[in-house]
Amino acid sequence: MTKHAPIPIEQITEAANWRQVREGLDMALEAAQRMPEGRRALGEALCATLDTCAAGAPAYTAFGDIREDANWWADCATPVEVELYLAATLRRVHRLNRAGMAENARKRVFMELWNAMPEKDQGAFMRKVAK
């Protein structure tokens with residue numbers, strides 16, 4: 001994953017607000033660490049929040065370019081690896097859906113799956129769900 005550097009506080013025009021955001025996140029992390037499954041729940045909440053507050057899908061550049069990393073991994077993976085990781089990921093999406101995964105994120109995942117299908121399979125799918 002690519003490295004990142006913290007945003008220098010002097011470059012932020014609203015430094016007081018930025019400090020409040022950072023302090024709030026620190027408090028949330030501390031609280032999550034005291035709860036069973038708290039870190040995981042906090043991670044899911046942060047992902048849902050990013051999806052909600054950033055117009056469309058966020059770039060996640062503060063944490064490295066994870067989309068670029070994901071594309072690189074997918075290009076290098078064997079077909080079996082892609083199948084197994086995709087199946088595991090879809091099971092995780094199902095669990096996240098029950099836990100409140102952001103609706104737009106689920107729609108983007110579905111559209112990637114739909115666009116990967118040949119037209120004849122899309123037609124067969126539509127005929128099946130129309131019954």
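Given (1) more than 22 Å from TRP114 (Cβ to Cβ); (2) in contact with a helix residue (DSSP H, G or I) (Cβ under 7 Å, 6 or more places away or on another chain); (3) at pLDDT 75 or above, where does TRP72 come up short, assuming only one miss?
For TRP72, the exception is condition (2).
Criterion first (at pLDDT 75 or above, part of a helix (DSSP H, G or I) and not β-branched (Val, Ile, Thr)) does LEU29 satisfy it?
Answer is yes for this residue.
Please find, within the range 101-131, the residue that is modelled with the highest pLDDT out of those that are surrounded by fewer than 11 Cβ atoms within 10 Å (Cβ to Cβ) and either among the aromatic types (Phe, Trp, Tyr) or outside any helix (DSSP H, G or I) (or both).
PRO118
Any chance the range 4-18 includes a residue that's assigned to a helix (DSSP H, G or I), surrounded by 12 or more Cβ atoms within 10 Å (Cβ to Cβ) and modelled with pLDDT of 75 or more?
Taking every residue of the range 4-18 in turn, at least one turns out to be assigned to a helix (DSSP H, G or I), surrounded by 12 or more Cβ atoms within 10 Å (Cβ to Cβ) and modelled with pLDDT of 75 or more.
The values are calculated or read from the model by the stated rules, or taken from the named source; none is laboratory data. Everything numeric here is computed off the predicted structure, so don't read it as measured data. Glycine also receives a Cβ, built like all others from the backbone with ideal geometry; neighbour counts cover every protein chain displayed.
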